[in-house]
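Worksheet: one structure, shown below.
The values are calculated or read from the model by the stated rules, or taken from the named source; none is laboratory data. Source: prediction; values computed, not measured. With ideal geometry, Cβ positions are generated from the backbone for all residues, glycine too; neighbour counts draw on all protein chains shown.
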Amino acid sequence: MHIPDGFLDGKTMVTGAVLSGCALGLSVRQLRRRLPRRRVPLMGLAAAFVFAAQMLNFPIAGGTSGHLLGSVLIAVLLGPGAAVLVLTAVLIVQCLVFADGGLLSLGANIFNMGVVGGVGGYAIYRVVQKLAGGLRGVIMGAAFAAWCSAVLAAVLAAGELALSGTAPWTIVFPAMVNVHLLIGLGEAAITVLVVVAIQRTRPDLVDPSAPASGPLSYRQVAAYGLLISLGLALFVSPFACAWPDGLERVAETLGFAHRAAAAPLAAAPLAEYRLSWVRSAPLATSFAGAIGTVLVFLLAFVTARVLIPRTRTEPR
Amino acid sequence: MIFSLDPHSRIDSPVHRLPAWAKLAAALALLVATVTTPRAFIPVGVVLIAVVALSRIPVLFLLKRLLLLEPLALGVALLALLQEGGVRIFALIVVKATLCLLTVILLSNTTPFADLLRVLRRVRVPALLVTTLALMYRYLFVLAEEGERMRRARACRTYGVGRSHAWKSLASVVGRLFVRSTERAERIHAAMCARGWR
């Protein structure tokens, strides 16, 4: 998911840098006011924690393994403002020390994973958590938000790559998003298990009403919301608008084929079929994404049901 | 034990002796030139080879680092193959990405991270972010090793159990690691205050 240098063009890099620079400025301003002095070292340690947690591999089928991405986990534990700062630090060190993710693409990477993962993920978490209520809501919210953050980051990365002309949207969008529909499931599972584990030992650390970096004011919520929707509008919507257009064109081609009897018979059907398949791949992916969203929401609900009674009946 | 992330950042060479801000600026200039212009990669490549020669960093080490990171770039670049004129775009992207990678690897191996942080502080990056970066860099491997130790201890005690249990025990290791990190942060705060941190 870390976009290396050489894949994005100038306008995309500058847009990404401006958006994440604004988000980082908001986060630092908020922390300077709300974060207690004694919690300042916690930001650095939390960043080191995210890095260390990413090095622990969870076994998946067939000898492969995956690891935590951690943006929603850190947002749930520390609050949205702190999450942006911590994830920015993680991405900067990964870039400068490990050359993972480009230096010029840093802005776009921070926006995809830090801002959308941290603040967007936190917003989803809070909405679901409030709707469902209690500890069950925490688990359900964390699971759903973790999945959404992985998928959203992939959508944005696909949009940025397509906008830069690196790869066409019809290919990069299905490829990135389909993979992350699955990665998101793993991320949701690990996030939930870790939140439950922390809740058992230190319930005070998983208190949704009192995140370490303090609650957001309405103005800050509006500002973050504006930044994220601006990012979605700039990076993704140019292609989202092309979907019905693509459909229309397929219909046009098919209608034309119907009328034109003189067209070469042998080659055309296959070529048109392939064309319509390539054009409809993003559409199919968006459908899969929509169905996946509903399924994961239900799955999160079931997970919360299954996990919570057990923690209550278990002797301490 | 703390092992070094950038083992060659403290050797002595003409490149290492340059001030950190100059190296950071030069790296940025090289990156911008590589990414934004279509034909700049030939002079950039020549400059980078000169830097490698001057910096006395073992070439084998650089190649290993590059090979380690190249698959990440290749994975995304492969998507570019699936369009018209894809081979040209693919080749261009791979060359550009490799040069950019080499630039960043050279920067991090000729400049200690603390010096880079000093530059960031001088260009008015918020102090909170710089402090966070400094502490993160210092405790990266302390925490990574602590996590690995806990994972190993857990694995010894629950040898050969199923996958679902492995996930749960690993998750509790991660959770415990977070709790320990917050406790360590409190101790660090006390230690920082004792040394006169504002």
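Inspect all residues belonging to the stretch A:96-108 and state whether any of them is in contact with a Phe, Trp or Tyr (Cβ under 9 Å, 6 or more places away or on another chain) and either without any contact (Cβ under 8 Å) to a residue 60 or more places away in the chain or among the β-branched types (Val, Ile, Thr) (or both). Yes. Filtered by the rule that a residue be more than 21 Å from the chain's Cα centre (by Cα), under 17 Å from residue B:179 (Cβ atoms) and among the polar types (S, T, N, Q), the stretch A:162-214 gives A:199, A:201. Checking each residue in the stretch A:1-45 for being touching a residue at least 12 places away in the same chain (Cβ under 8 Å), within 8 Å of chain B (Cβ to nearest Cβ) and within 25 Å of residue B:36 (Cα to Cα) picks out A:2, A:3, A:4, A:5, A:6, A:7, A:8, A:9, A:13.
Scanning the stretch B:71-98 for residues that are at pLDDT below 85, in contact with a helix residue (DSSP H, G or I) (Cβ under 8 Å, 6 or more places away or on another chain) and not hydrophobic (A, V, I, L, M, F, W, C) turns up B:83, B:86. Of the helices (runs of 4 or more DSSP H) lying entirely inside the stretch A:84-196, those containing at least 1 residues that are hydroxyl-bearing (Ser, Thr, Tyr) are A:121-132, A:134-163.
Inside the stretch B:150-198, residues that are touching a helix residue (DSSP H, G or I) at 6+ places or on another chain (Cβ under 9 Å), under 23 Å from residue A:60 (Cβ atoms) and not in a helix (DSSP H, G or I) make up a count of 2.
Do the conditions hold for residue A:67, that is, is it over 30 Å from residue B:33 (Cα atoms) and either at the interface with chain B (Cβ under 8 Å from one of its Cβ atoms) or surrounded by fewer than 24 Cβ atoms within 10 Å (Cβ to Cβ) (or both)? Against the criterion (over 30 Å from residue B:33 (Cα atoms) and either at the interface with chain B (Cβ under 8 Å from one of its Cβ atoms) or surrounded by fewer than 24 Cβ atoms within 10 Å (Cβ to Cβ) (or both)), residue A:67 qualifies. Using the structure shown, decide if residue A:77 is touching a Phe, Trp or Tyr at 6+ places or on another chain (Cβ under 8 Å) and either in contact (Cβ under 8 Å) with a residue 12 or more places away in the chain or in a helix (DSSP H, G or I) (or both). Yes. Put simply, of A:18, A:116, A:86 the only residue that is surrounded by fewer than 21 Cβ atoms within 10 Å (Cβ to Cβ) and within 19 Å of residue A:221 (Cα to Cα) is A:18. Right, residue A:45: more than 20 Å from the chain's Cα centre (by Cα), more than 30 Å from residue A:168 (Cα to Cα) and assigned to a loop (DSSP other than H, G, I, E, B) or not? Considered against the rule, which asks whether it is more than 20 Å from the chain's Cα centre (by Cα), more than 30 Å from residue A:168 (Cα to Cα) and assigned to a loop (DSSP other than H, G, I, E, B), residue A:45 comes out as no. Annotation note: Cβ proximity below 8 Å between a residue of the stretch B:169-188 that is within 7 Å of another protein chain (Cβ to nearest Cβ) and a residue that is assigned to a helix (DSSP H, G or I) and among the acidic types (Asp, Glu) (sequence gap 6+ or interchain) occurs for B:177/B:146.
In this structure, residue B:144 qualifies as out of contact with any strand residue (DSSP E or B) (no Cβ under 8 Å at 6 or more places or on another chain), within 23 Å of residue A:195 (Cα to Cα), of a type outside the set (D, E, K, R) and within 7 Å of chain A (Cβ to nearest Cβ). If you go through the stretch B:105-126 and keep only what is modelled with pLDDT of 90 or more and either within 13 Å of residue B:45 (Cα to Cα) or of a type in the set (D, E, K, R) (or both), you end up with B:106, B:115, B:118, B:121, B:122.
Among what's in the stretch B:85-100 and is out of contact with any Asp or Glu (no Cβ under 7 Å at 6 or more places or on another chain) and aliphatic (A, V, I, L, M), pick the residue that is nearest to residue B:26 (Cα to Cα). Only one residue tops the list, namely B:99.
Being within 13 Å of chain B (Cβ to nearest Cβ), among the hydrophobic types (A, V, I, L, M, F, W, C), within 20 Å of the chain's Cα centre (by Cα) and closer than 16 Å to residue A:210 by Cα is a property that residue A:83 has. Kindly indicate whether any position in the stretch B:63-81 is touching a His at 6+ places or on another chain (Cβ under 8 Å) and within 7 Å of chain A (Cβ to nearest Cβ). Within the stretch B:63-81, one or more residues are touching a His at 6+ places or on another chain (Cβ under 8 Å) and within 7 Å of chain A (Cβ to nearest Cβ). Any chance the stretch B:116-133 includes a residue that's at the interface with chain A (Cβ under 7 Å from one of its Cβ atoms), more than 26 Å from residue A:190 (Cα to Cα), without any contact (Cβ under 8 Å) to a residue 24 or more places away in the chain and not in a helix (DSSP H, G or I)? Yes, the stretch B:116-133 has at least one match. Condition test on residue A:213, is it outside any helix (DSSP H, G or I) and over 30 Å from residue B:89 (Cα atoms)? Taking the combined requirement at face value, the residue satisfies it.
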